[in-house]
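Take a look at the structure below.
The values are calculated or read from the model by the stated rules, or taken from the named source; none is laboratory data. The model shown is predicted, which means the values in this text are computed figures rather than measured ones. Glycine also receives a Cβ, built like all others from the backbone with ideal geometry; neighbour counts cover every protein chain displayed. All accessible areas refer to the heavy atoms of the entire protein, side chains included, with ligands and DNA or RNA removed. Shrake-Rupley method; radii C 1.70, N 1.55, O 1.52, S 1.80 Å.
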Amino acid sequence: MTFEPGARVRVSDRPHEGHHRTPGYLKGKTGVVERGRATFTNPETRAYGEDGLPERRVYLVGFEQRELWPGYELDDRLFADVFEHWLEDA
Amino acid sequence: MTRGVHDRGGVPTDAPIDRTEHELAGWEVLTDALANALEDAGVVNVDEFRRGIESMPPDEYERAAYYERWLFSIETNLVEKGILRAGEVDARLGT
Amino acid sequence: MSHDHDHDHEPVGNEPEAAMRPRALEELLVEKGVLDRERIRARIDWLVSRTPANGARLVARAWVDPDFKHRLAEDARAAADELGLDVGPSPVTLGLENTESVHHLVVCTLCSCYPKALLGPPPEWYKSLPYRSRTVSDPRGVLREFGVELDDGVEVRVVDSTAEIRYLVIPRRPPGTEGLTEDELAALVTRDSMIGVAVPRAPERELAQSSTSGGG
(Lines give C-alpha, C1' and ligand atoms only; values in the text may rest on other atoms or scores of the structure.)
Protein backbone atom coordinates (compact mmCIF):
# COMPACT_ATOMS: atom_id res chain seq x y z
CA MET A 1 0.00 0.00 0.00
CA THR A 2 1.36 3.45 -0.85
CA PHE A 3 0.48 6.70 0.89
CA GLU A 4 0.58 10.29 -0.32
CA PRO A 5 1.80 13.18 1.85
CA GLY A 6 -1.12 14.28 4.03
CA ALA A 7 -2.61 10.77 4.30
CA ARG A 8 -3.78 9.76 7.78
CA VAL A 9 -2.16 6.50 8.80
CA ARG A 10 -2.25 4.23 11.81
CA VAL A 11 0.80 2.33 13.00
CA SER A 12 -0.02 -1.35 13.38
CA ASP A 13 0.05 -2.73 16.91
CA ARG A 14 0.36 -6.35 15.85
CA PRO A 15 2.67 -8.44 17.98
CA HIS A 16 6.14 -8.93 16.48
CA GLU A 17 8.79 -10.77 18.44
CA GLY A 18 11.80 -10.43 16.15
CA HIS A 19 13.95 -7.49 15.09
CA HIS A 20 11.99 -4.56 13.69
CA ARG A 21 12.33 -0.78 13.62
CA THR A 22 8.88 0.33 14.77
CA PRO A 23 9.16 1.81 18.26
CA GLY A 24 6.67 0.55 20.83
CA TYR A 25 5.42 4.01 21.77
CA LEU A 26 4.06 4.54 18.23
CA LYS A 27 2.23 1.24 17.85
CA GLY A 28 -1.52 1.78 17.51
CA LYS A 29 -1.04 5.56 17.11
CA THR A 30 -2.39 7.66 14.25
CA GLY A 31 -0.37 10.25 12.37
CA VAL A 32 -0.02 12.05 9.05
CA VAL A 33 2.39 11.15 6.25
CA GLU A 34 4.95 13.90 5.66
CA ARG A 35 7.03 12.28 2.94
CA GLY A 36 7.92 8.86 1.58
CA ARG A 37 10.45 9.14 -1.17
CA ALA A 38 12.91 6.36 -0.44
CA THR A 39 12.86 2.57 -0.22
CA PHE A 40 15.14 0.40 1.88
CA THR A 41 15.86 -3.28 2.41
CA ASN A 42 13.63 -4.87 5.02
CA PRO A 43 15.47 -5.11 8.35
CA GLU A 44 13.03 -7.75 9.61
CA THR A 45 14.38 -10.35 7.18
CA ARG A 46 17.87 -8.95 6.61
CA ALA A 47 18.55 -9.25 10.35
CA TYR A 48 18.29 -13.04 9.97
CA GLY A 49 20.68 -13.65 7.10
CA GLU A 50 18.35 -12.90 4.17
CA ASP A 51 18.85 -10.18 1.56
CA GLY A 52 15.99 -7.97 2.79
CA LEU A 53 14.41 -7.81 -0.67
CA PRO A 54 12.05 -6.58 -1.93
CA GLU A 55 12.84 -3.09 -0.66
CA ARG A 56 10.05 -1.40 1.27
CA ARG A 57 9.07 2.25 1.25
CA VAL A 58 9.79 4.24 4.40
CA TYR A 59 7.48 7.11 5.36
CA LEU A 60 8.25 10.02 7.61
CA VAL A 61 5.08 10.22 9.71
CA GLY A 62 4.14 13.13 11.99
CA PHE A 63 2.23 12.56 15.24
CA GLU A 64 0.61 15.06 17.59
CA GLN A 65 2.49 14.79 20.89
CA ARG A 66 -0.74 15.18 22.87
CA GLU A 67 -1.99 11.98 21.19
CA LEU A 68 1.12 10.07 22.22
CA TRP A 69 1.52 11.09 25.85
CA PRO A 70 -1.22 11.68 28.42
CA GLY A 71 -0.91 15.17 29.86
CA TYR A 72 1.12 16.63 27.01
CA GLU A 73 -0.30 20.10 26.61
CA LEU A 74 1.34 21.95 23.73
CA ASP A 75 0.91 21.62 19.97
CA ASP A 76 4.27 19.91 19.49
CA ARG A 77 4.79 17.05 17.07
CA LEU A 78 6.95 13.99 16.77
CA PHE A 79 8.22 12.51 13.50
CA ALA A 80 9.53 9.02 12.85
CA ASP A 81 10.43 6.92 9.83
CA VAL A 82 8.03 3.99 9.58
CA PHE A 83 8.17 1.12 7.09
CA GLU A 84 5.14 0.84 4.80
CA HIS A 85 4.20 -2.61 6.08
CA TRP A 86 3.65 -1.16 9.56
CA LEU A 87 1.17 1.46 8.29
CA GLU A 88 -2.58 1.14 7.76
CA ASP A 89 -5.17 3.56 6.37
CA ALA A 90 -6.73 5.60 9.17
CA MET B 1 2.61 -5.76 24.14
CA THR B 2 6.10 -6.74 25.22
CA ARG B 3 8.82 -4.30 24.27
CA GLY B 4 12.47 -5.11 23.77
CA VAL B 5 14.95 -3.65 26.24
CA HIS B 6 16.42 -1.52 23.43
CA ASP B 7 13.04 0.11 22.71
CA ARG B 8 13.50 3.08 25.07
CA GLY B 9 11.17 5.80 23.78
CA GLY B 10 8.95 7.06 26.58
CA VAL B 11 10.19 4.52 29.14
CA PRO B 12 9.52 6.32 32.45
CA THR B 13 12.70 7.54 34.12
CA ASP B 14 13.72 10.42 36.31
CA ALA B 15 17.39 9.87 35.54
CA PRO B 16 19.11 13.07 34.51
CA ILE B 17 21.11 13.13 31.29
CA ASP B 18 24.83 12.94 32.08
CA ARG B 19 26.33 15.52 29.72
CA THR B 20 29.95 14.82 30.59
CA GLU B 21 32.01 14.90 27.40
CA HIS B 22 33.94 11.70 26.81
CA GLU B 23 36.55 11.28 24.13
CA LEU B 24 36.43 7.75 22.74
CA ALA B 25 39.06 5.46 24.23
CA GLY B 26 41.23 3.31 21.98
CA TRP B 27 39.21 0.15 22.65
CA GLU B 28 35.99 1.98 21.78
CA VAL B 29 37.38 3.26 18.50
CA LEU B 30 38.65 -0.24 17.70
CA THR B 31 35.29 -1.84 18.51
CA ASP B 32 33.51 0.68 16.27
CA ALA B 33 36.03 0.01 13.49
CA LEU B 34 35.68 -3.78 13.80
CA ALA B 35 31.89 -3.61 13.48
CA ASN B 36 32.11 -1.37 10.43
CA ALA B 37 34.94 -3.37 8.84
CA LEU B 38 32.85 -6.53 9.24
CA GLU B 39 30.00 -4.79 7.47
CA ASP B 40 32.33 -3.50 4.71
CA ALA B 41 33.60 -7.05 4.23
CA GLY B 42 30.04 -8.39 3.94
CA VAL B 43 30.38 -10.55 7.06
CA VAL B 44 27.77 -8.95 9.40
CA ASN B 45 25.18 -6.49 8.09
CA VAL B 46 23.75 -3.60 10.13
CA ASP B 47 20.42 -5.33 10.73
CA GLU B 48 22.10 -8.49 12.04
CA PHE B 49 24.31 -6.26 14.14
CA ARG B 50 21.35 -4.44 15.72
CA ARG B 51 19.48 -7.70 16.22
CA GLY B 52 22.55 -8.98 18.08
CA ILE B 53 22.50 -6.00 20.44
CA GLU B 54 18.78 -6.47 21.04
CA SER B 55 19.35 -10.14 21.94
CA MET B 56 21.40 -9.15 24.98
CA PRO B 57 19.78 -10.19 28.28
CA PRO B 58 17.87 -7.07 29.46
CA ASP B 59 19.73 -6.62 32.75
CA GLU B 60 23.08 -6.89 30.96
CA TYR B 61 21.92 -4.40 28.32
CA GLU B 62 20.97 -1.89 31.02
CA ARG B 63 24.31 -2.27 32.80
CA ALA B 64 26.61 -2.46 29.80
CA ALA B 65 28.67 0.37 28.43
CA TYR B 66 27.70 1.33 24.90
CA TYR B 67 30.56 -0.43 23.16
CA GLU B 68 30.23 -3.50 25.38
CA ARG B 69 26.86 -3.96 23.66
CA TRP B 70 28.63 -3.72 20.32
CA LEU B 71 31.17 -6.35 21.36
CA PHE B 72 28.38 -8.63 22.52
CA SER B 73 26.66 -8.34 19.14
CA ILE B 74 29.81 -8.81 17.08
CA GLU B 75 30.70 -11.97 19.00
CA THR B 76 27.11 -13.29 18.92
CA ASN B 77 26.95 -12.87 15.15
CA LEU B 78 30.39 -14.35 14.52
CA VAL B 79 29.56 -17.42 16.64
CA GLU B 80 26.24 -17.85 14.79
CA LYS B 81 28.09 -17.75 11.49
CA GLY B 82 30.62 -20.30 12.66
CA ILE B 83 33.52 -17.83 12.38
CA LEU B 84 34.22 -17.93 16.11
CA ARG B 85 33.66 -20.79 18.52
CA ALA B 86 31.66 -19.96 21.65
CA GLY B 87 34.16 -18.86 24.29
CA GLU B 88 37.00 -18.38 21.81
CA VAL B 89 37.57 -14.73 22.72
CA ASP B 90 37.57 -15.59 26.43
CA ALA B 91 40.07 -18.36 25.74
CA ARG B 92 42.31 -15.91 23.91
CA LEU B 93 42.08 -13.53 26.83
CA GLY B 94 43.00 -16.34 29.18
CA THR B 95 39.93 -15.82 31.37
CA MET C 1 47.58 0.96 16.94
CA SER C 2 44.75 3.13 18.15
CA HIS C 3 46.31 3.66 21.55
CA ASP C 4 46.13 7.40 20.93
CA HIS C 5 43.48 8.21 23.50
CA ASP C 6 43.99 5.44 26.01
CA HIS C 7 45.66 7.45 28.71
CA ASP C 8 43.74 10.68 28.45
CA HIS C 9 40.39 9.65 29.84
CA GLU C 10 38.83 7.02 32.01
CA PRO C 11 37.20 4.68 29.50
CA VAL C 12 33.59 3.68 30.08
CA GLY C 13 33.24 0.01 31.00
CA ASN C 14 35.00 -2.63 32.99
CA GLU C 15 38.65 -1.94 32.38
CA PRO C 16 40.86 -3.72 31.70
CA GLU C 17 38.66 -6.56 30.43
CA ALA C 18 36.61 -4.39 28.07
CA ALA C 19 39.77 -2.79 26.71
CA MET C 20 41.46 -6.10 26.01
CA ARG C 21 38.49 -7.77 24.41
CA PRO C 22 38.37 -5.93 21.06
CA ARG C 23 42.11 -6.41 20.67
CA ALA C 24 41.73 -10.17 21.18
CA LEU C 25 38.83 -10.16 18.73
CA GLU C 26 40.87 -8.23 16.20
CA GLU C 27 43.74 -10.73 16.49
CA LEU C 28 41.40 -13.66 15.96
CA LEU C 29 39.70 -12.09 12.94
CA VAL C 30 43.01 -11.24 11.31
CA GLU C 31 44.43 -14.74 12.01
CA LYS C 32 41.36 -16.35 10.50
CA GLY C 33 41.59 -14.17 7.41
CA VAL C 34 38.15 -12.62 8.02
CA LEU C 35 39.52 -9.05 8.16
CA ASP C 36 42.84 -7.57 7.24
CA ARG C 37 44.48 -4.87 9.29
CA GLU C 38 44.29 -2.39 6.45
CA ARG C 39 40.50 -2.57 6.40
CA ILE C 40 40.35 -2.06 10.17
CA ARG C 41 42.87 0.77 9.99
CA ALA C 42 40.78 2.47 7.30
CA ARG C 43 37.75 2.39 9.58
CA ILE C 44 39.70 3.78 12.53
CA ASP C 45 41.06 6.58 10.36
CA TRP C 46 37.59 7.34 9.03
CA LEU C 47 36.03 7.50 12.50
CA VAL C 48 38.66 9.74 14.08
CA SER C 49 38.68 12.07 11.07
CA ARG C 50 34.97 12.92 11.35
CA THR C 51 34.17 16.10 13.27
CA PRO C 52 31.22 18.51 13.58
CA ALA C 53 33.21 20.94 11.39
CA ASN C 54 31.81 19.05 8.39
CA GLY C 55 28.20 19.69 9.36
CA ALA C 56 29.04 23.25 10.37
CA ARG C 57 30.26 24.02 6.85
CA LEU C 58 26.92 22.88 5.44
CA VAL C 59 24.97 24.98 7.93
CA ALA C 60 27.08 28.10 7.34
CA ARG C 61 26.55 27.78 3.59
CA ALA C 62 22.82 27.32 4.19
CA TRP C 63 22.79 30.54 6.26
CA VAL C 64 24.24 32.60 3.41
CA ASP C 65 22.47 30.83 0.54
CA PRO C 66 18.72 30.11 0.86
CA ASP C 67 18.73 27.92 -2.26
CA PHE C 68 21.48 25.80 -0.74
CA LYS C 69 19.46 25.56 2.49
CA HIS C 70 16.55 24.23 0.48
CA ARG C 71 18.79 21.65 -1.21
CA LEU C 72 20.25 20.63 2.17
CA ALA C 73 16.74 19.98 3.49
CA GLU C 74 15.77 17.97 0.42
CA ASP C 75 18.94 15.93 -0.08
CA ALA C 76 21.96 16.58 2.09
CA ARG C 77 24.14 14.24 0.03
CA ALA C 78 23.74 16.34 -3.09
CA ALA C 79 24.26 19.53 -1.07
CA ALA C 80 27.39 18.12 0.60
CA ASP C 81 28.76 17.05 -2.79
CA GLU C 82 28.72 20.70 -3.84
CA LEU C 83 31.14 21.47 -0.99
CA GLY C 84 33.20 18.32 -1.52
CA LEU C 85 31.99 16.81 1.76
CA ASP C 86 31.25 13.12 2.36
CA VAL C 87 27.93 12.39 4.09
CA GLY C 88 28.94 8.78 4.73
CA PRO C 89 27.29 5.45 4.05
CA SER C 90 23.67 6.31 4.89
CA PRO C 91 21.77 6.42 1.62
CA VAL C 92 19.65 9.43 2.60
CA THR C 93 20.52 12.38 4.83
CA LEU C 94 18.17 15.33 5.28
CA GLY C 95 18.54 18.76 6.86
CA LEU C 96 15.82 19.93 9.28
CA GLU C 97 15.40 23.70 9.14
CA ASN C 98 14.70 25.51 12.38
CA THR C 99 12.68 28.71 12.02
CA GLU C 100 11.12 31.35 14.23
CA SER C 101 8.20 28.98 14.82
CA VAL C 102 9.71 25.47 14.58
CA HIS C 103 12.55 23.87 16.57
CA HIS C 104 13.81 20.37 15.65
CA LEU C 105 15.44 17.92 18.02
CA VAL C 106 16.91 14.56 16.92
CA VAL C 107 17.02 11.29 18.87
CA CYS C 108 17.30 7.58 18.14
CA THR C 109 15.14 5.72 20.64
CA LEU C 110 16.00 2.23 19.32
CA CYS C 111 19.79 2.52 19.15
CA SER C 112 22.07 5.45 18.34
CA CYS C 113 21.56 6.45 14.69
CA TYR C 114 23.40 9.69 14.04
CA PRO C 115 24.96 11.48 11.05
CA LYS C 116 28.51 10.48 12.05
CA ALA C 117 30.05 11.52 8.77
CA LEU C 118 28.91 15.11 9.32
CA LEU C 119 29.11 15.35 13.14
CA GLY C 120 31.76 12.83 14.22
CA PRO C 121 31.02 10.09 16.76
CA PRO C 122 27.89 10.82 18.80
CA PRO C 123 28.36 12.19 22.33
CA GLU C 124 27.90 9.77 25.22
CA TRP C 125 24.64 11.43 26.31
CA TYR C 126 23.07 10.97 22.86
CA LYS C 127 23.53 7.20 23.26
CA SER C 128 22.40 7.19 26.90
CA LEU C 129 19.18 5.55 28.08
CA PRO C 130 17.72 8.71 29.73
CA TYR C 131 18.14 10.79 26.55
CA ARG C 132 16.63 8.02 24.42
CA SER C 133 13.70 7.61 26.84
CA ARG C 134 12.85 11.18 27.66
CA THR C 135 13.44 13.10 24.44
CA VAL C 136 10.31 11.77 22.77
CA SER C 137 7.93 12.17 25.71
CA ASP C 138 9.37 15.33 27.29
CA PRO C 139 11.40 17.21 24.69
CA ARG C 140 10.96 20.57 26.39
CA GLY C 141 12.19 19.15 29.69
CA VAL C 142 15.25 17.75 27.92
CA LEU C 143 15.86 21.04 26.15
CA ARG C 144 15.59 22.88 29.47
CA GLU C 145 18.23 20.55 30.91
CA PHE C 146 20.50 21.61 28.04
CA GLY C 147 19.73 25.26 28.76
CA VAL C 148 17.32 25.87 25.90
CA GLU C 149 14.01 27.45 26.89
CA LEU C 150 11.50 27.89 24.06
CA ASP C 151 8.27 29.88 24.03
CA ASP C 152 5.10 27.79 24.10
CA GLY C 153 4.29 29.20 20.66
CA VAL C 154 7.36 27.57 19.09
CA GLU C 155 6.51 24.09 17.85
CA VAL C 156 9.01 21.52 19.05
CA ARG C 157 9.44 18.73 16.51
CA VAL C 158 11.20 15.65 17.74
CA VAL C 159 12.59 13.43 14.98
CA ASP C 160 13.18 9.80 16.00
CA SER C 161 15.72 8.28 13.57
CA THR C 162 14.13 4.86 13.29
CA ALA C 163 15.35 3.87 9.79
CA GLU C 164 18.37 4.46 7.56
CA ILE C 165 17.65 8.15 6.98
CA ARG C 166 19.94 10.49 8.94
CA TYR C 167 18.93 13.95 10.11
CA LEU C 168 20.97 17.12 10.62
CA VAL C 169 19.34 20.11 12.28
CA ILE C 170 19.93 23.43 10.48
CA PRO C 171 19.83 25.85 13.43
CA ARG C 172 18.74 29.48 13.03
CA ARG C 173 21.40 32.01 12.19
CA PRO C 174 21.94 34.15 15.28
CA PRO C 175 21.18 37.86 15.04
CA GLY C 176 24.18 40.18 14.95
CA THR C 177 26.16 38.02 12.54
CA GLU C 178 25.48 39.99 9.35
CA GLY C 179 29.09 41.01 8.77
CA LEU C 180 30.66 37.59 9.30
CA THR C 181 32.29 35.49 6.61
CA GLU C 182 31.11 31.96 5.91
CA ASP C 183 34.10 30.54 7.82
CA GLU C 184 33.36 32.76 10.80
CA LEU C 185 29.74 31.64 10.70
CA ALA C 186 30.77 27.97 10.57
CA ALA C 187 32.76 28.49 13.77
CA LEU C 188 29.50 29.40 15.56
CA VAL C 189 27.76 26.15 14.58
CA THR C 190 28.21 23.66 17.40
CA ARG C 191 27.63 19.92 17.33
CA ASP C 192 24.82 20.26 19.85
CA SER C 193 23.04 22.87 17.74
CA MET C 194 22.99 20.40 14.84
CA ILE C 195 21.38 17.76 17.09
CA GLY C 196 18.90 20.40 18.26
CA VAL C 197 19.81 20.66 21.96
CA ALA C 198 21.54 24.04 21.65
CA VAL C 199 21.16 27.34 19.84
CA PRO C 200 24.15 29.04 18.17
CA ARG C 201 25.19 32.38 19.68
CA ALA C 202 26.77 35.39 18.01
CA PRO C 203 30.43 35.86 18.98
CA GLU C 204 31.06 38.24 21.87
CA ARG C 205 34.35 39.29 20.34
CA GLU C 206 33.55 42.98 19.98
CA LEU C 207 32.19 43.18 23.49
CA ALA C 208 35.29 41.44 24.86
CA GLN C 209 37.58 43.74 22.88
CA SER C 210 35.91 46.90 24.06
CA SER C 211 36.04 45.82 27.68
CA THR C 212 39.75 44.96 27.30
CA SER C 213 40.56 48.31 25.72
CA GLY C 214 38.55 50.00 28.42
CA GLY C 215 40.95 48.50 30.94
CA GLY C 216 37.90 46.87 32.66
Lys/Arg Cβ at +1, Asp/Glu Cβ at -1, dipole of the protein assembly as shown taken about the Cα centre: which of A:T39, C:L188, B:V43 is farthest positive-ward? A:T39
Whole number in Å², please: accessible area per residue of the protein assembly as shown, 1.4 Å probe, ligands, DNA and RNA not counted. 45
Derived scalar couplings ³J(HN,Hα) [the range B:11-17; Karplus, 6.51 cos²θ - 1.76 cosθ + 1.60; whole Hz; x for Gly, Pro]: 4, x, 7, 9, 4, x, 8
The protein assembly as shown - charge dipole about Cα centre, Lys and Arg +1 at Cβ, Asp and Glu -1, debye rounded to 20: 540
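Residues with beta-carbon under 15 Å from that of B:G82, excluding B:G82: net charge, scoring Lys, Arg +1 and Asp, Glu -1?
So the environment of B:G82 carries a net charge of -1.
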Can you give the log10 of the normalised intensity I(q)/I(0) at q = 0.21, 0.22 Å⁻¹, computed with Debye over equal Cα scatterers of the range B:26-93? -0.92, -1.01
FRET efficiency, 1/(1 + (r/R0)^6) with R0 35 Å, evaluated for A:T2 and A:E73 via beta carbons: 0.50
Which GluC sites (Glu not before Pro) in the range A:1-78 pass both tests, a DSSP loop state and at most 15 other beta-carbon atoms within 10 Å? A:E17, A:E50, A:E55, A:E73
Calculate the FRET efficiency for B:E62 and C:A78 from the Cβ-Cβ distance with a Förster distance of 51 Å, rounded to the nearest 0.05. 0.80
Give the longest segment of chain C that steers clear of trypsin sites (Lys or Arg not before Pro) in DSSP loops with at most 14 neighbouring Cβ atoms within 10 Å, not counting the sites themselves. C:33-200
With a 1.4 Å probe, what is the total accessible area buried between chains C and B, in Å² rounded to the nearest 100? 5100
Relative contact order of chain B (C-alpha contacts under 8 Å, at least 6 apart) in percent is 28
Please give every one of the lysines within straight-line cross-link reach of C:K116, meaning a C-alpha to C-alpha distance under 29 Å, and leave out same-chain neighbours fewer than 8 residues apart. A:K27, B:K81, C:K69, C:K127
To the nearest 10 square angstrom, what accessible area does B:F49 show with a 1.4 Å probe? 30
Accessible surface of the range B:26-93 [probe 1.4 Å, protein heavy atoms]: carbon and sulfur percent: 49
Using a 1.4 Å probe and counting only protein heavy atoms, arrange C:L85, A:L74 so the residue with the most accessible area comes first. A:L74, C:L85
What does the protein assembly as shown give for Rg and for Dmax, in Å, if only its C-alpha atoms count? 21.8, 72
Using a simple spin-label model with points 7 Å from Cα along the Cα→Cβ vector, what separation in nm is obtained for A:E50 and C:E97? 4.0
Exposure rule at most 13 other beta-carbon atoms within 10 Å, DSSP loop GluC sites (Glu not before Pro): chain C longest free segment: C:1-99
Select from the range A:17-43 all residues whose loss of accessible area on going from the chain by itself to the full protein assembly reaches 50 Å² or more (probe 1.4 Å). A:H19, A:R21, A:Y25, A:R35, A:F40
Using a Cα-Cα cut-off of under 14 Å, which aspartates and glutamates could be cross-linked to C:K32, ignoring same-chain neighbours fewer than 8 residues away? B:E88
Chain C - percent relative contact order, Cα under 8 Å, separation 6 or more: 23
Given the -39500 (n - 2.57) contribution per DSSP H run of 4+ residues, what per-residue ellipticity at 222 nm results for chain B, rounded to the nearest 500 deg cm²/dmol? -16000 deg cm²/dmol
About its Cα centre, chain A carries a charge dipole, from +1 on Lys and Arg Cβ atoms and -1 on Asp and Glu Cβ atoms, whose size in debye to the nearest 20 is 60
Per the 1.4 Å probe, what fraction of the accessible area of chain C, in percent, lies on carbon and sulfur atoms? 49
